[in-house]
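This report concerns only the one structure given below.
Derivation of every value follows stated rules applied to the coordinates shown; laboratory data play no part. As the structure is a computational prediction, the values presented were derived from the model and not from experiment. Here the Cβ positions follow ideal geometry from the backbone for every residue, glycine too, while neighbour counts run over all protein chains shown.
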Amino acid sequence: MSVATTGARTLTPALAGVLVAVAALAMGAFGSAHLLGQVAFVATYAIAGLGVILIVGQCGQISLGQGGLLAIGAYVQTVLCLRGWPPLAALPLALAAGAAGGWLASLPARRLGGLYFGMSTLAFALIIEEVLVRWETVTRGSAGLTVPTFGVGEWSATSAGGQALVSVIALAAALWCCWRLRKSRVGRAWQAVRDDEWAASACGIEVMTAKTQVFVVGGALSGLAGALYAHWIGFVSPEQFGLQLSFELLILAFMGGVYALSGAIWGAIVIVAVPQLISLIRDHLPAGVANAAGFDAMALGVVIVVVILFRPEGIAGRRR
Amino acid sequence: MAFIQVLISGIAVGCIYGLVALSFVLIYKATETISFMQGELLMLGAFTALALNAGAGWPIGWAALAAVALMTLLGATLERGVLRRAIGQPHLTALLLTFGLGMILRGAVTAVPAASQTLHRLPLPFSEQPLVLGALVIATEHVAVIVATLLLAGLLTLFFQYTRTGLALRACSEDARIAALMGISVPAMHTLAWALGAGLAACAGLLLAPVTFVQVNMGLIALKAFPAAVLGGMTSLPGALLAGVFLGVAEAVAGLVLPEGVKDVVPYLLLMVALLLFPGGLASGLRRLRS
């Protein structure tokens with residue numbers, strides 16, 4: 001497959017996705033704040049999903065610990081903002097911390113690759129969660145921290161519209177960077193490693209470096225998403241970023257489609273919408289049939305299994 | 001004396017880690033799938049025994065046996081019905097499928113109000129009097145866990161060494177294509193591996209029941225099985241069991257000498273260090289150091 005044509009083919013749906021988000025934004029400006037709030041979350045999840053798509057879809061590796069990387073971004077952002085940093089100045093540091101986390105999480109498995117990355121990132125995320133619980137002087141442990149609102153200079157993103165605008169801009173920037181990266185030497189190296197490691201190394205690609213790079217970039221995207229997520233939720237605590245979030249992001253990428261960047265947007269829409277649909281259905285069930293939390297988990301599990309069985313390539317489409 | 005007591009409780013907990021890791025490696029070797037539902041199978045096994053005992057009034061021994069048998073059946077059914085379809089897909093597909101199935105199982109148990117709202121105790125016949133050896137006081141359930149693990153390991157060894165089916169399963173883990181050429185039904189072996197894996201997880205659940213309580217979150221212990229499997233080298237059954245015991249002891253000792261909270265991350269730190277220094281597992285690492 002030629003790189004140029006796949007690039008063009010996948011950019012079109014990616015752009016369409018951004019346009020849909022912008023359209024929703026415009027529509028929501030006259031409509032409910034609820035919709036705009038959802039747009040902010042979809043865009044933030046999509047940024048985190050992009051990180052997974054790069055690691056899983058572009059480079060063929062596995063990460064089971066994206067939640068931990070989001071936690072790093074969220075906590076760095078929160079702690080810096082609480083110390084009086086302007087949010088926009090803290091954002092690059094959150095990004096860098098996420099990238100450093102991605103590097104550290106992938107370090108032990110970089111020679112082995114594949115499933116071993118899954119193991120090392122999983123262990124890393126569990127360690128991060130425990131550190132956040134125990135390092136009470138900075139993180140206040142399980143009690144959590146309240147996050148200041150995001151703002152630039154005089155303006156602050158208190159309304160849902162402002163939050164949606166910031167998220168969509170960040171998503172567009174992230175998509176553009178990923179799209180450029182994908183077409184660059186680095187991105188082509190990732191795809192070569194994904195398709196055939198031996199052939200890639202025979203062509204002079206440093207396989208280990210390529211794998212490390214993808215985890216660093218994926219970590220940076222997670223850091224950014226984590227920082228924004230912290231601002232929109234307004235509160236961070238360690239259990240928000242547990243194993244559940246890591247798997248939600250993987251499922252997001254899988255539902256959207258890991259081989260196209262636009263998959264992140266479709267997947268984010270699904271992962272934000274599905275729990276709400278499930279709770280809508282639950283509200284119409286007769287009371288006392290099932291315990292609410294259990295029903296939600298069960299229904300989400302069924303959706304995951306059905307989607308993976310019947311559409312393993314995701315919404316955004318096939319690899320070739 | 002206190003140290004020896006901590007050591008024994010560490011070994012007992014480690015045995016449970018080891019059993020879960022064993023079930024996990026068994027499935028991984030035969031089907032190349034990382035199962036993220038071993039914890040849920042463990043929890044469901046304990047709840048099934050509880051339901052049969054407390055709900056249906058069966059004697060505890062029969063309830064436990066029936067629970068293990070039912071879980072074995074469930075493992076086989078899930079393989080036939082769902083997981084088989086993921087063969088030939090990337091690793092992650094099967095992994096996410098097991099996670100989804102685990103969510104369904106956990107959700108199903110949580111949805112039952114009687115199961116999720118209280119802690120339950122499984123009335124196993126050994127939890128009254130601690131064992132006293134001189135100055136040493138050992139909890140009976142710890143001894144029971146260690147003895148039961150040894151027994152299960154012995155049974156598994158007999159199965160793998162002396163039965164045709166065991167040999168076939170080993171051949172299938174070694175090289176599925178060549179095993180197929182030798183006339184072994186590889187799909188049947190996949191079903192068997194999942195059935196055994198689920199049965200082992202249920203055994204671990206029954207053994208864990210007296211140590212913790214029977215509750216929805218008891219499956220979280222399965223997360224410790226991943227470090228154990230990696231330390232054991234991912235593909236070695238005795239390695240997984242030994243690494244589980246090693247982790248249990250390491251955790252117990254860390255709880256004794258290191259500040260609070262460090263204990264819980266010790267297995268994961270060990271996992272990362274092991275991947276960094278001994279990527280082939282502890283056994284091969286030791287071999288390499290010696291040569």
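Could you work out the mean count of beta carbons from other protein chains within 10 Å of each residue's beta carbon in B:82-95?
On the way: counts 3, 1, 0, 5, 3, 0, 0, 4, 8, 5, 16, 4, 1, 7.
Averaged over the peptide's residues, the number is 4.
In the range B:1-133, Cα pairs under 8 Å separated by at least six residues give a relative contact order of 27 percent.
Compute the Cα gyration tensor for the range B:186-291, then decide on rounded, prolate or oblate, letting a ≥ b ≥ c be the square roots of its eigenvalues: rounded whenever a/c is under 1.5, prolate when a/b is larger than b/c in the other cases, and oblate in all that remain.
Values: a/c = 2.44, a/b = 1.09, b/c = 2.24.
Oblate, because a/c is 1.5 or more while a/b does not exceed b/c.
Largest mean-square fluctuation among A:233, A:265, A:128, in a Gaussian network model of chain A whose springs join Cα atoms under 10 Å apart, belongs to A:233.
Relative contact order for chain A: what is it in percent, counting Cα pairs under 8 Å that are at least 6 residues apart?
On the way: 540 pairs, mean separation 102.2, N = 320.
Contact order relative to length: 32 percent.
Taking the fewest neighbouring Cβ atoms within 10 Å as the starting point, the ordered list for A:232, A:266 is A:232, A:266. Using the rule -39500 (n - 2.57) for each DSSP H run of four or more residues, divided by the residues of chain A, the 222 nm mean residue ellipticity is -24500 deg cm²/dmol. Within the range B:103-182, the chymotrypsin sites (Phe, Trp or Tyr not before Pro) that combine a DSSP coil assignment with at most 16 other C-beta atoms in a 10 angstrom radius are B:126. Within the listed set A:45, A:75, A:116, the residue fluctuating most in the Gaussian network model of chain A (springs between alpha-carbon atoms under 10 angstrom) is A:116. Computed over all pairs of different Cα atoms, the Kirkwood value for the hydrodynamic radius of the range B:203-264 is 12.7 Å. Reported value for the range A:88-160: 134 Å³ per residue, from the convex hull of its C-alpha atoms. Of all the options B:44, B:96, B:73, the one that moves most in a Gaussian network model of chain B with Cα springs shorter than 10 angstrom is B:96. For the segment A:109-117, counting C-beta atoms of other chains within 10 Å of every residue's C-beta and taking the mean gives 4.
Classify the range A:109-265: rounded, prolate or oblate, from the alpha-carbon gyration tensor (a ≥ b ≥ c, eigenvalue square roots; a/c under 1.5 rounded; otherwise prolate if a/b is larger than b/c)? Oblate, because a/c is 1.5 or more while a/b does not exceed b/c.
Fewest-first ordering of A:156, A:246, A:120, A:237 by other beta carbons within 10 Å of each residue's beta carbon gives A:156, A:237, A:246, A:120.
Could you sort the peptides B:196-203, A:207-214, B:176-183, A:191-198 by per-residue average Cβ neighbour count (10 Å cutoff), highest mean leading?
Working: B:196-203: 27.5, A:207-214: 20.1, B:176-183: 12.4, A:191-198: 16.5.
Going from most to least packed, we get B:196-203, A:207-214, A:191-198, B:176-183.
Which of the three applies to the protein assembly as shown, rounded, prolate or oblate, going by the alpha-carbon gyration tensor with a ≥ b ≥ c and a/c under 1.5 meaning rounded?
Numbers: a/c = 1.62, a/b = 1.45, b/c = 1.12.
Prolate.
Identify the chymotrypsin sites (Phe, Trp or Tyr not before Pro) of the range B:191-291 meeting these criteria: DSSP loop state and at most 16 other C-beta atoms within 10 Å of the C-beta. The qualifying sites are B:213. The range B:58-73 and the range A:213-283 have Cα centres spaced 40 Å apart.
Evaluate peptide A:123-130: per residue, the Cβ atoms of other protein chains within 10 Å of its Cβ; return the mean as an integer.
Numbers: counts 14, 4, 1, 10, 8, 2, 3, 6.
What the average comes to for A:123-130 is 6.
Farthest toward the positive end of the dipole of the protein assembly as shown, out of A:70, A:230, B:94, is the Cα of B:94, where the dipole comes from beta carbon charges about the Cα centre.
Counting pairs of alpha carbon atoms under 8 Å apart in space and at least six apart in sequence, what relative contact order in percent does the range B:61-171 give? Please report the intermediate quantities before stating the final value.
Working: 34 pairs, mean separation 9.4, N = 111.
Relative contact order here is 9 percent.
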